[in-house]
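Data block below; observations after.
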Amino acid sequence: MIDEKDIAEFFKLFSNDGRLKIISSLATDNLTVNEIVERTKLSQSLVSQQLKLLKNARILTNEKIGKTVTYSIYDRHILHLLKDVAEHLDEQEGGNHES
């Protein structure tokens, strides 16, 4: 059974802006490491580290064809979750909350 600790550990994956940039870059396209580096402007070593972490957490998956490895979102629910968070933050920023 999933408990609060498991959920907290899961949300820690989204506490890094580099990981969020990688996930966002994969929202519409499957990309290679080099393409992710280009889109995110992060170093290749950092991208590789974060890809491994996100893949181990089953947020991303990859497919190897020959020497080319392409990454994609494993479960599109992640994108819905991030969209909901962004909408929540946008509402707060717009002053649509009571103090």
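The values are calculated or read from the model by the stated rules, or taken from the named source; none is laboratory data. Just so you know, these numbers come straight off a predicted model, no measurement behind them. Because the Cβ atoms are built from the backbone with ideal geometry, glycine has one as well, and the counts that use them run over all protein chains shown. Each accessible area value is taken on the protein alone, full model and side chains, heavy atoms only, with ligands, DNA and RNA left out. Shrake-Rupley method; radii C 1.70, N 1.55, O 1.52, S 1.80 Å.
Tell me which of these Ser48 doesn't satisfy, since it passes every other one: (1) open to solvent by less than 90 Å² (accessible area, probe 1.4 Å); (2) not basic (Lys, Arg); (3) not in a helix (DSSP H, G or I).
Only one criterion in (1) open to solvent by less than 90 Å² (accessible area, probe 1.4 Å); (2) not basic (Lys, Arg); (3) not in a helix (DSSP H, G or I) is unmet by Ser48, namely (3).
In the stretch 10-45, what residues are open to solvent by 80 Å² or more (accessible area, probe 1.4 Å) and either of a type in the set (Val, Ile, Thr) or touching a Pro at 6+ places or on another chain (Cβ under 7 Å) (or both)?
If the condition is that a residue be open to solvent by 80 Å² or more (accessible area, probe 1.4 Å) and either of a type in the set (Val, Ile, Thr) or touching a Pro at 6+ places or on another chain (Cβ under 7 Å) (or both), then Thr28 is the only one that fits.
Go through the stretch 33-57 and give me each residue that's closer than 16 Å to Leu20 by Cβ and touching a residue at least 24 places away in the same chain (Cβ under 8 Å).
Ile36, Leu42, Leu46, Val47, Gln50, Leu51, Leu53, Leu54, Ala57 - these are the residues of the stretch 33-57 that are closer than 16 Å to Leu20 by Cβ and touching a residue at least 24 places away in the same chain (Cβ under 8 Å).
Can you tell me how many residues within the stretch 1-37 are part of a helix (DSSP H, G or I) and touching a strand residue (DSSP E or B) at 6+ places or on another chain (Cβ under 9 Å)?
6
Can you name every residue in the stretch 1-45 that is modelled with pLDDT of 95 or more, of a type in the set (Lys, Arg) and more than 19 Å from Tyr74 (Cβ to Cβ)?
Answer for the stretch 1-45, where residues must be modelled with pLDDT of 95 or more, of a type in the set (Lys, Arg) and more than 19 Å from Tyr74 (Cβ to Cβ): just Lys41.
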